[in-house]
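Q: Would you mind keeping the following structure in view while I ask a few things?
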Amino acid sequence: TSKPSLLQAVLLGPPLWFLVLTRLLATLGRQLIRVHLVAFLLAAGYSPLTAATAIASAGLVGLVGRPVTGALSDHAGRESIYTAGQGMHVLAMVTIYMLGDGQSLWPIILFAGLLGLSDGIGGLMVSAKAADLFPAGTLGSVMGLVHLGRGIGIMAGPVIGGVLFDAQGDYTVAFPLAISLGLLAVGCMWAARFTENRTGDAPFSRE
């Protein structure tokens, strides 16, 4: 049998598909509640102005968080920073879900800070990990598949969140599901690392 091409070898290997799953699961979990956050904060008793300010503040924090976490990943490793980012996102969700009473400001401030710091880490780390693992000549195809996973998450997440809210009347199912999907994404990110040389073959040529 003929030896598979470089692209075929990439497509047949587990690391690529673990990265696709990482992007899909994390995006699905985030989008499942992301478009419902303002509605959730209003339902918790916060004013529209407070809810809108929290979301806007998270975006501002993210402007600082992205370059900092990207630089840290060059030294601490993609998986470690990805895990930390997902951990912050989970903590943000738990904080606002368990402690957001519509009156206390500190839970919503902590929520906005953690959400902002964790926002965008997934895309940065998965893209950087793909560049670490795969040759430049295959990155277009690799990132196309990775972003296909993201696109599915963006499409399906809000719909699932809305259906769950309509069925339950609250977010008691949506939030734990979102957290679980985020944790599964962390597992897939580490799996991409642990399977990159599973056959004992030499790494892909960087040329």
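Q: Looking at the stretch 15-38, can you tell me whether even one residue there is out of contact with any Gly (no Cβ under 9 Å at 6 or more places or on another chain) and closer than 28 Å to Asp170 by Cα?
A: yes
Q: Do any residues in the stretch 141-162 that are assigned to a helix (DSSP H, G or I) have Cβ atoms under 6 Å from those of residues that are polar (S, T, N, Q) and open to solvent by 30 Å² or more (accessible area, probe 1.4 Å), where the two are at least six apart or on different chains, and which pairs are they?
A: Hits for this filter: Gly153/Gln31; Ile154/Gln31; Gly157/Gln31; Pro158/Gln31.
Q: For the stretch 160-193, what are the residues that are of a type outside the set (A, V, I, L, M) and either touching a His at 6+ places or on another chain (Cβ under 8 Å) or surrounded by 15 or more Cβ atoms within 10 Å (Cβ to Cβ) (or both)? Outline the logic, then answer.
A: Taking the stretch 160-193 and keeping what is of a type outside the set (A, V, I, L, M), we get 161-162, 165-166, 168-172, 175-176, 180, 182, 187-188, 190, 193.
Listed by number, the residues that qualify are Gly161, Gly162, Phe165, Tyr171, Phe175, Gly182, Cys188, Trp190, Arg193.
Q: Given the conditions (1) under 20 Å from Phe175 (Cβ atoms); (2) open to solvent by 20 Å² or more (accessible area, probe 1.4 Å), report the number of the one that Ser57 does not fulfil.
A: Result: Ser57 fails condition (1) only.
Q: Can I ask one more? Restricted to the stretch 96-109, and to residues that are in contact with a Leu (Cβ under 8 Å, 6 or more places away or on another chain) and modelled with pLDDT under 90, which residue is most open to solvent (accessible area, probe 1.4 Å)?
A: Gly100
Q: Let me ask another. So, Ala112, is that one open to solvent by less than 20 Å² (accessible area, probe 1.4 Å) and either within 26 Å of Val64 (Cβ to Cβ) or touching a His at 6+ places or on another chain (Cβ under 7 Å) (or both) or not? Walk me through it before giving the result.
A: Numbers: open to solvent by less than 20 Å² (accessible area, probe 1.4 Å): yes; either within 26 Å of Val64 (Cβ to Cβ) or touching a His at 6+ places or on another chain (Cβ under 7 Å) (or both): yes.
Criteria met by Ala112.
The values are calculated or read from the model by the stated rules, or taken from the named source; none is laboratory data. Worth saying up front: this structure is predicted, and the values here are computed from it rather than measured. Quick reminder, even Gly has a Cβ in these numbers, built from the backbone with ideal geometry, and neighbours come from all protein chains shown. Note: accessible area is taken over every heavy atom of the protein model, side chains too, but ligands, DNA and RNA are not part of it. Shrake-Rupley method; radii C 1.70, N 1.55, O 1.52, S 1.80 Å.
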